[in-house]
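Peer 1: Shown below is the structure under consideration.
The values are calculated or read from the model by the stated rules, or taken from the named source; none is laboratory data. None of these values were measured; they are calculated from a predicted model. Here the Cβ positions follow ideal geometry from the backbone for every residue, glycine too, while neighbour counts run over all protein chains shown.
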Protein chains: 2
Amino acid sequence: MNETEFVAALRKLPLHAGARGLEDDCAVLTIGGETLVLTHDMMAEDTHFLKGADMADVAFKLLAANLSDLAAKGAEPVGVLLGHSLGREDARFLEGLGEGLKRFGTVLMGGDTVATTGTSTYGITAVGRATHCPVPSRSGARAGDGIFVTGPVGRAMLGYEGVAEHLAAFNRPLPRLAEGIALAPHVSAMMDISDGLLLDCWRMGWASGTTLALDSTAVPVAARHRADECMRWGDDYELLFTLPEGNAPPLAATRIGTVRPRGAAPLLLDEVALADPAGLGYRHG
Amino acid sequence: MNETEFVAALRKLPLHAGARGLEDDCAVLTIGGETLVLTHDMMAEDTHFLKGADMADVAFKLLAANLSDLAAKGAEPVGVLLGHSLGREDARFLEGLGEGLKRFGTVLMGGDTVATTGTSTYGITAVGRATHCPVPSRSGARAGDGIFVTGPVGRAMLGYEGVAEHLAAFNRPLPRLAEGIALAPHVSAMMDISDGLLLDCWRMGWASGTTLALDSTAVPVAARHRADECMRWGDDYELLFTLPEGNAPPLAATRIGTVRPRGAAPLLLDEVALADPAGLGYRHG
């Protein structure tokens, strides 16, 4: 099975109402008078990092990727659980994890440690507390809404390629937690851009039943002459969000397009319909 | 690092108060007037199952192992998140997971799917709602308490060896959810026996600052002539608990010993002090 087939099959299992049909990156759990947001993200050797990677970066990034999913829900972190494969540079992994926990003001709640043979896989479950209800989803983009991003895309790509000023963007990404909390009361839809701007816009359009019409010249990119690649590379962790027409974002953000009624495809780039998500971003599996 | 060193290093990271110093199998999170219990358990190819294993059994058992941690806290399952490595018998994995979810009356909340090379690792995060507070821990065993188990140990061992009537005990273990809920208001300490009775008794004694004195002849075992092995094999998922002196368990259970003030070791087996946990059960890493 590939990932798409697998997730389709998962949807046939008994699902929690807060799983939102597995269309979203997080589960939403109302308990007592509070709303929790839960997410689980993994990183696997060879797929998400190479054998020679600094395991401190791997741990930091795994934590950041999980917290970025919370950020997209306007949730503040409560804590994380770690699933750890022993046997790589475990001490470095812990250094990076510890730096991330302190940097993002969160804590370890528990987890599990296993001995593995062969390649290693790491997982983090992040638990957050929603600061605004309803919790933003990726499915709320309505025709007429403005489409925004919190910052440029493509920095992680340049960091991956070794460009000194962008190394941190690739190795030590920062989840936009404060931005997510500030945006949550205002947005009609929100998600983080983890797999590439175009792919994530396609997904938001698909989930919302609308078309996200982007103006590529408006998209803030880290390298203008490579705008196409910047819009397709993942790992930037900026927030993508939509606001009802006429609303200005409560923080610095760039408008990159407008939501339209669903046309030929969930995504329109410079008036070209992009119906097939293949090639729009980074997909695992 | 081995697992012991790794967990010791983890304890130096910023910890959630509900992580109980990582001494317990679950984190306890009080939120919105409710108390949640969270746990994350993994299974890795070669370490926890062999390449030829039926992936439906692997998924069922992974779910059961996680829910067993909730059972030991007297928690009822709310839902689970799945971390899945694509590439083995994924359809069979989903069948087993679906059977388990239905059997145990719980639901999928979300998760992540990754492509991996080499061996596969699977993780589940289980979320439960505590039915009794304070939530039982493994550290509450007090001198004078009676020590009990909910059923025989060693059945999983015989199942692993291919004994027909015990195959299910190994492949499709059942978390003692109802028993855990019934016991939670009464116990002074509780945990599930996932890594072997002797090792888990040692851990309870260690965490409680007492000595668990066991009478081996009282321990219910699946094969009396192999009692030693039965007490050291894991995967049985019975509950181990202690009750204040004079209290009878509210369900069928077998008394196997008495808690004493801490003596020479956390565990005393037929009056022999067992100070070293090595050799008492199954330890990964």
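Peer 1: Checking the conditions here, which among B:Thr39, B:Thr35 is more than 15 Å from the chain's Cα centre (by Cα), in contact (Cβ under 8 Å) with a residue 12 or more places away in the chain and surrounded by 18 or more Cβ atoms within 10 Å (Cβ to Cβ)?
Peer 2: Values: B:Thr39 fails: more than 15 Å from the chain's Cα centre (by Cα).
Criteria check complete, one pass: B:Thr35.
Peer 1: Looking at A:Thr113, A:Thr125, which is the one that is in contact with a Phe, Trp or Tyr (Cβ under 9 Å, 6 or more places away or on another chain) and in a strand (DSSP E or B)?
Peer 2: Numbers: A:Thr125 fails: in contact with a Phe, Trp or Tyr (Cβ under 9 Å, 6 or more places away or on another chain).
Of A:Thr113, A:Thr125, the one residue that is in contact with a Phe, Trp or Tyr (Cβ under 9 Å, 6 or more places away or on another chain) and in a strand (DSSP E or B) is A:Thr113.
Peer 1: Still on this model: With respect to the numbered conditions (1) crowded, with 17+ Cβ neighbours inside 10 Å; (2) of a type in the set (D, E, K, R); (3) within 26 Å of A:Thr113 (Cα to Cα), which one is the sole condition not fulfilled by B:Asp145?
Peer 2: Answer for B:Asp145: the failing condition is (3).
Peer 1: Out of A:Leu13, A:Leu82, A:Leu29, A:Leu38, I need the residue that is within 10 Å of chain B (Cβ to nearest Cβ), in a loop (DSSP other than H, G, I, E, B) and at negative phi. Which one?
Peer 2: Working: A:Leu82 fails: in a loop (DSSP other than H, G, I, E, B); A:Leu29 fails: in a loop (DSSP other than H, G, I, E, B); A:Leu38 fails: in a loop (DSSP other than H, G, I, E, B).
Only one candidate passes the filter, namely A:Leu13.
Peer 1: Can I ask one more? Criterion first (at pLDDT 95 or above, more than 14 Å from chain A (Cβ to nearest Cβ) and more than 18 Å from the chain's Cα centre (by Cα)) does B:Leu240 satisfy it? Working first, answer last.
Peer 2: Values: at pLDDT 95 or above: yes; more than 14 Å from chain A (Cβ to nearest Cβ): yes; more than 18 Å from the chain's Cα centre (by Cα): no.
Criteria not met by B:Leu240.
Peer 1: Right, here's the next one. Of the residues A:Arg138, A:Arg129, only one is surrounded by fewer than 23 Cβ atoms within 10 Å (Cβ to Cβ) and either more than 27 Å from B:Ala65 (Cβ to Cβ) or within 12 Å of another protein chain (Cβ to nearest Cβ) (or both); which? Let's see the steps before the verdict.
Peer 2: Working: A:Arg138 fails: surrounded by fewer than 23 Cβ atoms within 10 Å (Cβ to Cβ).
Exactly one residue qualifies, and that residue is A:Arg129.
Peer 1: I've got another one for you. Kindly evaluate A:Leu62 against the criterion of being at pLDDT 95 or above, over 20 Å from A:Cys26 (Cα atoms) and crowded, with 24+ Cβ neighbours inside 10 Å.
Peer 2: Working: at pLDDT 95 or above: yes; over 20 Å from A:Cys26 (Cα atoms): no; crowded, with 24+ Cβ neighbours inside 10 Å: yes.
So A:Leu62 does not fit the description; no.
Peer 1: Could you please let me know if B:Leu70 is touching a Gly at 6+ places or on another chain (Cβ under 8 Å), in contact (Cβ under 8 Å) with a residue 24 or more places away in the chain and either within 21 Å of A:Val37 (Cβ to Cβ) or among the aromatic types (Phe, Trp, Tyr) (or both)? Spell out the reasoning first.
Peer 2: Values: touching a Gly at 6+ places or on another chain (Cβ under 8 Å): yes; in contact (Cβ under 8 Å) with a residue 24 or more places away in the chain: yes; either within 21 Å of A:Val37 (Cβ to Cβ) or among the aromatic types (Phe, Trp, Tyr) (or both): yes.
The answer is yes for B:Leu70.
Peer 1: Here's another thing I want to ask about it. So, in the stretch B:49-61, exactly how many residues are within 11 Å of another protein chain (Cβ to nearest Cβ) and either under 14 Å from the mean Cα position of the chain (by Cα) or touching a residue at least 24 places away in the same chain (Cβ under 8 Å) (or both)?
Peer 2: Start the filter on the stretch B:49-61 by keeping residues that are within 11 Å of another protein chain (Cβ to nearest Cβ), which leaves B:51, B:59.
Applying the additional criterion that residues be either under 14 Å from the mean Cα position of the chain (by Cα) or touching a residue at least 24 places away in the same chain (Cβ under 8 Å) (or both) yields B:59.
Total meeting the criteria: 1.
Peer 1: Suppose we filter the stretch B:122-166 for residues that are farther than 16 Å from B:Met204 by Cβ and either in contact (Cβ under 8 Å) with a residue 40 or more places away in the chain or among the β-branched types (Val, Ile, Thr) (or both); how many remain?
Peer 2: Taking the stretch B:122-166 as the starting set, the residues that turn out to be farther than 16 Å from B:Met204 by Cβ are B:122-134, B:151-152, B:154-166.
Filter once more, so that each one left must be either in contact (Cβ under 8 Å) with a residue 40 or more places away in the chain or among the β-branched types (Val, Ile, Thr) (or both): B:122-133, B:151-152, B:154-158, B:160, B:163, B:166.
Looking only at that region, the number is 22.
Peer 1: Moving on to the next point. Kindly provide the set of residues from the stretch A:95-107 that are outside any loop (DSSP other than H, G, I, E, B) and within 9 Å of another protein chain (Cβ to nearest Cβ), ordered by number. Break it down stepwise before answering.
Peer 2: Start the filter on the stretch A:95-107 by keeping residues that are outside any loop (DSSP other than H, G, I, E, B), which leaves A:95-103.
If the condition is that a residue be outside any loop (DSSP other than H, G, I, E, B) and within 9 Å of another protein chain (Cβ to nearest Cβ), then A:Leu97, A:Gly98, A:Leu101, A:Lys102 are the ones that fit.
Peer 1: Among A:Arg92, A:Arg88, which is within 25 Å of the chain's Cα centre (by Cα), in contact (Cβ under 8 Å) with a residue 12 or more places away in the chain and more than 7 Å from every other protein chain (Cβ to nearest Cβ)? Before the answer, list the steps.
Peer 2: Details: A:Arg88 fails: within 25 Å of the chain's Cα centre (by Cα).
Unique residue meeting the criteria: A:Arg92.
Peer 1: Kindly provide the set of residues from the stretch A:91-112 that are under 21 Å from B:Asp25 (Cα atoms) and touching a Ser or Thr at 6+ places or on another chain (Cβ under 9 Å), ordered by number.
Peer 2: Selection gives A:Met109, A:Gly110, A:Gly111, A:Asp112.
Peer 1: Would you check if there is a residue in the stretch B:142-159 being assigned to a loop (DSSP other than H, G, I, E, B), facing chain A (nearest Cβ under 9 Å) and out of contact with any helix residue (DSSP H, G or I) (no Cβ under 9 Å at 6 or more places or on another chain)? Reasoning before the result, please.
Peer 2: Looking only at the stretch B:142-159, we keep the residues that are assigned to a loop (DSSP other than H, G, I, E, B), and these are B:142-145, B:150-152, B:154.
Cutting the leftovers down to facing chain A (nearest Cβ under 9 Å) gives us none.
So far as the stretch B:142-159 goes, no, none of its residues is assigned to a loop (DSSP other than H, G, I, E, B), facing chain A (nearest Cβ under 9 Å) and out of contact with any helix residue (DSSP H, G or I) (no Cβ under 9 Å at 6 or more places or on another chain).
Peer 1: On to the next question. Tell me, yes or no, whether the stretch B:112-121 has at least one residue that is surrounded by 21 or more Cβ atoms within 10 Å (Cβ to Cβ) and in contact (Cβ under 8 Å) with a residue 40 or more places away in the chain.
Peer 2: yes
Peer 1: Can you give me the number of residues within the stretch A:70-79 that are among the small types (Gly, Ala, Ser) and at the interface with chain B (Cβ under 9 Å from one of its Cβ atoms)?
Peer 2: From the stretch A:70-79, those among the small types (Gly, Ala, Ser) are A:71-72, A:74-75, A:79; that's our starting set.
Restricting the remaining residues to those that are at the interface with chain B (Cβ under 9 Å from one of its Cβ atoms) gives A:79.
The total comes to 1.
Peer 1: Further question: Look through A:Ala126, A:Ala141, A:Ala115 and report the one residue that is of a type outside the set (S, T, N, Q), within 18 Å of the chain's Cα centre (by Cα) and either modelled with pLDDT under 95 or farther than 21 Å from B:Cys26 by Cα (or both). Steps first, please.
Peer 2: Details: A:Ala126 fails: either modelled with pLDDT under 95 or farther than 21 Å from B:Cys26 by Cα (or both); A:Ala115 fails: within 18 Å of the chain's Cα centre (by Cα).
Result of the check over A:Ala126, A:Ala141, A:Ala115: A:Ala141.
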